[in-house]
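Chemist: Take this structure, written in structure tokens, and hold onto it; I'll ask about it next.
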Amino acid sequence: MIRVRGLEVAFGEKTIMKGLDLDVYRGEILGFVGASGQGKSVLTRTILGLVRKRAGTIEVFGEDLDDLSAGSRRAVERRWGVLFQQGALFSSLTVKQNVQVPMREHLKLSERLLDELARLKIEMVGLKPDAADKFPSELSGGMIKRASLARALALDPEILFLDEPTSGLDPIGAGDFDDLISTLQRTLGLTVFMVTHDLDSIHTVCDRVAALGEGHIIAAGSIDTMMASDHPWLRMYFNGKRARAVLQTGA
């Protein structure tokens, strides 16, 4: 679904990524990990076209994004949904109106149908019906995440990008959100690219893991592959005290 080759991204003289290769396969949940400041979110934004790359190719659905016309690019973008860090909801809009933003941009539907579809997406992510008319300031952290997920699902995407979806949530809320992602992935046949540092999420929902370090992918594979790696950071991350605690709780 996503094929990245030789990617180079820099801000001024600071190179963030160089020679990065990555594959995301159809129907999988790929957990994307790395130390803070390594560029996990930058890679997501580069794939989405929000950060300009210096070199390399990015293919989505078999299409080289550099070769697409503006119209073709918009058609590709309609096939993915994004949950940004902290939700990124429009504060002046209700949950229902937030969910309708991509619908209004890409679809020509009556107000009645827009309302019905928005309420369907809101219900799909486990929010109560009365959440539709609330503003982001009236929502808890977990509700903001779910409302943002409803907006990401507004156009029935094939790929779902999640940037630290469980950050800021308590362990129970994070576990419930992981279960929701897993259920939606199976039910809707989604391909999920999930930037995360949450070891519970990695063990619970991810089919594969890719690790970013030193500007490129240092390892990619199953969790067992990550845990068996000799790379110092991977060894510390997947076999350290916190990782052992996760395994002991049966995650």
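The numbers here are math on the coordinates, done by the rules we state, and not lab data. Predicted, not measured: the structure shown is a model, and the values here were computed from it. Neighbour counts are summed over all protein chains in view; Cβ atoms, including those assigned to glycine, are modelled from backbone coordinates with ideal geometry.
Chemist: Taking θ as phi - 60°, what are the ³J(HN,Hα) couplings along the stretch 14-29 by the Karplus curve (6.51, -1.76, 1.60), each to the nearest whole Hz, with x for Gly and Pro?
Modeler: Once rounded to whole Hz, the list reads 8, 7, 8, 9, 8, x, 7, 10, 7, 10, 10, 8, 4, x, 9, 9.
Chemist: Moving on to the next point. I'd like the FRET efficiency for ALA10 and THR57, computed as 1/(1 + (r/R0)^6) with the beta carbon distance as r and R0 of 22 Å, rounded to 0.05.
Modeler: Here the calculated transfer efficiency is 0.85.
Chemist: Cβ neighbours within 10 Å, averaged per peptide: list 36-44, 149-157, 227-235 in order, most packed at the top.
Modeler: Final packing ranking: 149-157, 36-44, 227-235.
Chemist: Given the C-alpha centroids of the stretch 11-87 and the stretch 107-175, what is the distance between them in whole angstrom?
Modeler: What the calculation gives is 23 Å, centre to centre.
Chemist: What whole-number value in cubic angstrom gives the convex hull volume per residue for the C-alpha atoms of the chain?
Modeler: About 131 Å³ per residue, rounded to a whole number.
Chemist: Considering the convex hull of the alpha carbon atoms of the stretch 90-156, report its projected area averaged over all viewing directions, in nm², one decimal.
Modeler: One quarter of the hull surface, i.e. the mean projection, equals 4.0 nm².
Chemist: If you take the C-alpha gyration tensor of the stretch 90-202, multiply each eigenvalue by 5 and take the square root, what semi-axes do you get, largest first, in whole Å?
Modeler: Here the semi-axes work out to 23, 17, 11 Å.
Chemist: With a 10 Å Cβ neighbour count serving as the proxy for reagent exposure, in which order, fewest first, do SER140, SER148 appear?
Modeler: SER140, SER148
Chemist: Something else now. To make sure I understand the rule: partners must be aspartates and glutamates, Cα under 14 Å from the Cα of LYS96, and not fewer than 8 residues away in the same chain. Which ones qualify?
Modeler: LYS96 reaches GLU111, ASP115, GLU116, GLU123, ASP130, ASP133, GLU138.
Chemist: When DSSP assigns beta bridges and you keep just the ones with both residues in the chain, what percent turn out antiparallel, to the nearest 5?
Modeler: Roughly 50 percent of the DSSP beta bridges within the chain come out antiparallel.
Chemist: Which residues' amide hydrogens lie under 5 Å from the amide hydrogen of LEU160, considering only partners 5 or more residues apart or on another chain, with H built in the peptide plane?
Modeler: Correct list: GLY81, THR191, VAL192, PHE193.
Chemist: For the stretch 54-61, just list the computed ³J(HN,Hα) in residue order, Karplus coefficients 6.51, -1.76 and 1.60, θ = phi - 60°, integers in Hz, with x standing in for Gly and Pro.
Modeler: Residue by residue, the stretch 54-61 yields 8, 7, x, 10, 10, 10, 10, 6 Hz.
Chemist: Shifting gears a bit: Can you list the DSSP H helices in the chain whose Cα atoms extend at least 27 Å along the helix axis and whose mean Kyte-Doolittle hydropathy is 1.0 or higher?
Modeler: Span-like helices, by this rule, are absent here.
Chemist: Considering just Cα atoms, how many Å³ per residue does the convex hull of the stretch 179-237 enclose?
Modeler: 83
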